[in-house]
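Participant: So that we are looking at the same thing, I have put the structure below in structure tokens.
The values are calculated or read from the model by the stated rules, or taken from the named source; none is laboratory data. What you see is a predicted model; the values in this text were computed from it and never measured. Neighbour counts are summed over all protein chains in view; Cβ atoms, including those assigned to glycine, are modelled from backbone coordinates with ideal geometry.
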Amino acid sequence: MSTPTGEKLPGAATRRAPHTTRMVTWSGVGCLRLEAVRVLLGERGLRATGSMVSCQQEDIEAYSAAYTLTTDETGVVQRLTVRTTRAAGEQAVTVTRSEEGIWLVDHGHGAVRTNFGGALDVDLQFSPLFNALPVRRLNLHRLATKHELAMVFVSLPSLEVNRVAQTYRTISLGDPAVVSLSSDSYESELTVDSDGLVLEYPGLARRS
């Protein structure tokens, strides 16, 4: 299997793996927040339909969010749609990546084009599901490696979209595996299962 640039990824499967469907849930750590997602998994790619609900926390108001996510077979994001509901009303954003690497961000008032520094992944704030994207795409739960990544970051509940830099690094292999996630402001060690889905994100969420 190859990257969008045609480069062979280490550990890539020579045969297409069968797809499996899972229902996964997480509960927040230190706050009342729940996430449930139905996810169709391929070897690296996935399709997901999920929802989140969060009570008010300090400087973050109460909200609910629903999302749909699609990647290609290599795990590169193709499209994300997020809809939120909060006291002020409802809003939505759609983030789409073309095969040429151009991202379109549409809050319902016309799409804005950017390349987000060549980003291939999206991170939805507070959602452990989205940490699986770089883990699975880069096989971090199966091969010890390190990658510095540009990431399209969608904030909740505001739905602001920005580029951030994140580093993913394999800490230990096995079932479960441990993968480090770091940025300028924090670092955490994620425990992931054999599919690359998060079991525990310290301080954020734990699989229910």
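Participant: State whether the residues of segment 35-58 include one that is crowded, with 16+ Cβ neighbours inside 10 Å, touching a residue at least 24 places away in the same chain (Cβ under 8 Å), touching a His at 6+ places or on another chain (Cβ under 6 Å) and more than 22 Å from Gly118 (Cβ to Cβ).
Facilitator: Yes, segment 35-58 contains at least one residue that is crowded, with 16+ Cβ neighbours inside 10 Å, touching a residue at least 24 places away in the same chain (Cβ under 8 Å), touching a His at 6+ places or on another chain (Cβ under 6 Å) and more than 22 Å from Gly118 (Cβ to Cβ).
Participant: Here's something else I'd like to know. Return the residues of segment 99-149 that are β-branched (Val, Ile, Thr) and assigned to a loop (DSSP other than H, G, I, E, B); say none if nothing qualifies.
Facilitator: If the condition is that a residue be β-branched (Val, Ile, Thr) and assigned to a loop (DSSP other than H, G, I, E, B), then Ile102, Thr145 are the ones that fit.
Participant: A further question on this structure: With the requirement that a residue be in a strand (DSSP E or B), over 16 Å from Pro128 (Cβ atoms) and among the polar types (S, T, N, Q), what does segment 150-181 give you?
Facilitator: Listed by number, the residues that qualify are Asn162, Thr167, Thr170, Ser172.
Participant: Regarding segment 75-84, can at least one residue be identified that is in a loop (DSSP other than H, G, I, E, B), touching a Gly at 6+ places or on another chain (Cβ under 6 Å) and either at pLDDT 95 or above or over 21 Å from Ala48 (Cα atoms) (or both)? Break it down stepwise before answering.
Facilitator: Taking segment 75-84 first, the residues in a loop (DSSP other than H, G, I, E, B) are 75-76.
Now restrict to residues that are touching a Gly at 6+ places or on another chain (Cβ under 6 Å): 75.
Still in the list and also either at pLDDT 95 or above or over 21 Å from Ala48 (Cα atoms) (or both): 75.
Within segment 75-84 (the criterion being in a loop (DSSP other than H, G, I, E, B), touching a Gly at 6+ places or on another chain (Cβ under 6 Å) and either at pLDDT 95 or above or over 21 Å from Ala48 (Cα atoms) (or both)), the answer is yes, since at least one residue qualifies.
Participant: If you don't mind, there's one more thing I want to ask. Take segment 80-91 and flag every residue that is surrounded by 15 or more Cβ atoms within 10 Å (Cβ to Cβ) and either of a type in the set (Gly, Ala, Ser) or under 15 Å from the mean Cα position of the chain (by Cα) (or both).
Facilitator: Hits for segment 80-91 are Leu80, Thr81, Val82.
Participant: If you go through segment 125-180, how many residues are over 20 Å from Thr71 (Cβ atoms) and polar (S, T, N, Q)?
Facilitator: Of the residues in that region, 7 qualify.
Participant: Testing Leu199 on (1) surrounded by 14 or more Cβ atoms within 10 Å (Cβ to Cβ); (2) touching a residue at least 40 places away in the same chain (Cβ under 8 Å); (3) within 19 Å of Val37 (Cβ to Cβ), one condition comes back false. Which one is that?
Facilitator: Exception for Leu199: condition (2).
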